[in-house]
Amino acid sequence: MEFMDNRDKIYYYMKRFRLKEFFRPDYYPEYLKYMSLVKFSKGEYIYKQKENIQYIYFFVEGRIKVYSLLSNGKRQLLYFYTKFGILGDLELFNRSNPYTLIQAAQDSYCIALPLADTKQLLYDDPIFLRQMAELLAQKLCNSSSNSSLNIYYSLENRLCAYILASAEKGLENEKEVLIFKEGLSETAEILGTSYRHLHRTLKELKEKGIIEKGKGGYRVLDPDQLMRLSSDQYM
């Protein structure tokens, strides 16, 4: 976690995502005084289960994974953040430690608010509370959809959805391509399957001409077919 001394960037994100509208106008200067821009490097945890949270984060750029840690020690993917969202909202209102693991899937940026200085303001801010209600309802819908994806769809469907959600954009011969770089052992754990079954499913996708193995990962050859097979996405 790296704090970045860049007020101009904070103002840029505030304007881009209209964050001023999330707060009561007379409280806004107080919030702004405490806001910091933070960077989480790829693979770094933002929240861990049972750890006290010190900040609520407004996610503004990058890609973030949200997992549930099961009683057997394995992880289950809940969803990805690829666009604006708020991290720590459930914990703020439950006054509890995080229920999930939240990890940067690539270098990601958030605007941080320290709860030690702003928690009571947030509790007393009706505009913020209304915004949180809307975002929490959206999270509930996404979580329900992704739970259905985990239960009722085949590994091929879930793997295609996971590749779409986690693949990184790259350039080859001046053309934009999608490259899936996730470790296969971790992917098998997250999708609730064996390494052998995952490897067999990747081979089937290669035989269908949807992906190909290359240096550093799997290159997506047919994103439209990948999208059709995914049925839904972890979003």
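Scan the stretch 4-30 for residues that are out of contact with any Lys or Arg (no Cβ under 8 Å at 6 or more places or on another chain) and under 18 Å from Tyr109 (Cβ atoms) and the total you get is 15.
State whether one or more residues within the stretch 193-209 are closer than 29 Å to Phe58 by Cβ and out of contact with any Cys (no Cβ under 6 Å at 6 or more places or on another chain). Checked against the condition, which is being closer than 29 Å to Phe58 by Cβ and out of contact with any Cys (no Cβ under 6 Å at 6 or more places or on another chain), the stretch 193-209 yields no hits at all. Against the test of being exposed (fewer than 12 other Cβ atoms within 10 Å of the Cβ), of a type in the set (Asp, Glu) and within 18 Å of the chain's Cα centre (by Cα), the options Glu186, Glu182 yield a single qualifying residue, Glu186.
Cβ-Cβ distances below 9 Å connect no pair with a first residue in the stretch 131-142 that is under 13 Å from Phe84 (Cα atoms) and surrounded by 14 or more Cβ atoms within 10 Å (Cβ to Cβ), a second residue that is at pLDDT below 75 and not polar (S, T, N, Q), and a separation of six or more residues or different chains.
A Cβ distance below 7 Å, combined with a sequence gap of six or more or placement on separate chains, defines the contacts here; from the stretch 206-230, residues that are at positive phi reach residues that are of a type in the set (A, V, I, L, M) in the pairs Gly209/Leu221; Gly216/Ile179; Gly217/Ile179. Would you check which residues across the stretch 16-43 are under 22 Å from Gly62 (Cβ atoms), among the hydrophobic types (A, V, I, L, M, F, W, C) and part of a loop (DSSP other than H, G, I, E, B) and list them? Those that are under 22 Å from Gly62 (Cβ atoms), among the hydrophobic types (A, V, I, L, M, F, W, C) and part of a loop (DSSP other than H, G, I, E, B): Phe17, Met35. Only residues that are in contact with a strand residue (DSSP E or B) (Cβ under 8 Å, 6 or more places away or on another chain) and free of Cβ contacts under 8 Å to residues at least 40 places away in the same chain were counted across the stretch 61-82, and they come to 5. Looking at the stretch 47-60, is at least one residue surrounded by 12 or more Cβ atoms within 10 Å (Cβ to Cβ), within 12 Å of the chain's Cα centre (by Cα), more than 27 Å from Pro126 (Cβ to Cβ) and in contact (Cβ under 8 Å) with a residue 40 or more places away in the chain? Looking through the stretch 47-60, none of the residues is surrounded by 12 or more Cβ atoms within 10 Å (Cβ to Cβ), within 12 Å of the chain's Cα centre (by Cα), more than 27 Å from Pro126 (Cβ to Cβ) and in contact (Cβ under 8 Å) with a residue 40 or more places away in the chain.
Scanning the stretch 45-83 for residues that are within 23 Å of Lys169 (Cα to Cα), charged (D, E, K, R) and assigned to a strand (DSSP E or B) turns up Glu61, Lys65. The residue pairs whose first member lies in the stretch 4-24 and is more than 17 Å from Gly85 (Cβ to Cβ) and in contact (Cβ under 8 Å) with a residue 12 or more places away in the chain, whose second member is part of a helix (DSSP H, G or I) and among the β-branched types (Val, Ile, Thr), and whose beta carbons are closer than 8 Å, counting only pairs six or more residues apart or on different chains, are Arg24/Ile127. How many residues are surrounded by 12 or more Cβ atoms within 10 Å (Cβ to Cβ) and either at pLDDT below 90 or more than 13 Å from Leu159 (Cβ to Cβ) (or both) when one looks only at the stretch 215-224? Counting residues in the stretch 215-224 that are surrounded by 12 or more Cβ atoms within 10 Å (Cβ to Cβ) and either at pLDDT below 90 or more than 13 Å from Leu159 (Cβ to Cβ) (or both) gives 5. Only one of the numbered conditions (1) without any contact (Cβ under 8 Å) to a residue 24 or more places away in the chain; (2) closer than 15 Å to Leu205 by Cα is violated by Lys169, and that is (2).
Would you pick out the residues in the stretch 124-143 that are closer than 11 Å to Tyr27 by Cβ and assigned to a helix (DSSP H, G or I)?
Result: Pro126, Ile127, Phe128.
Residues checked against (1) surrounded by 21 or more Cβ atoms within 10 Å (Cβ to Cβ); (2) within 27 Å of Asn6 (Cβ to Cβ); (3) modelled with pLDDT under 95:
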{"position": "Val38", "(1), (2), (3)": "no, yes, no"}
{"position": "Tyr45", "(1), (2), (3)": "no, yes, yes"}
{"position": "Arg63", "(1), (2), (3)": "no, yes, yes"}
{"position": "Ser71", "(1), (2), (3)": "no, no, yes"}
{"position": "Lys74", "(1), (2), (3)": "no, no, yes"}
{"position": "Thr82", "(1), (2), (3)": "no, yes, yes"}
{"position": "Asp89", "(1), (2), (3)": "no, yes, yes"}
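The values are calculated or read from the model by the stated rules, or taken from the named source; none is laboratory data. Since we're looking at a predicted model, the values are computed, not measured. Neighbour counts run over all protein chains shown; Cβ positions are idealised from the backbone, glycine included.
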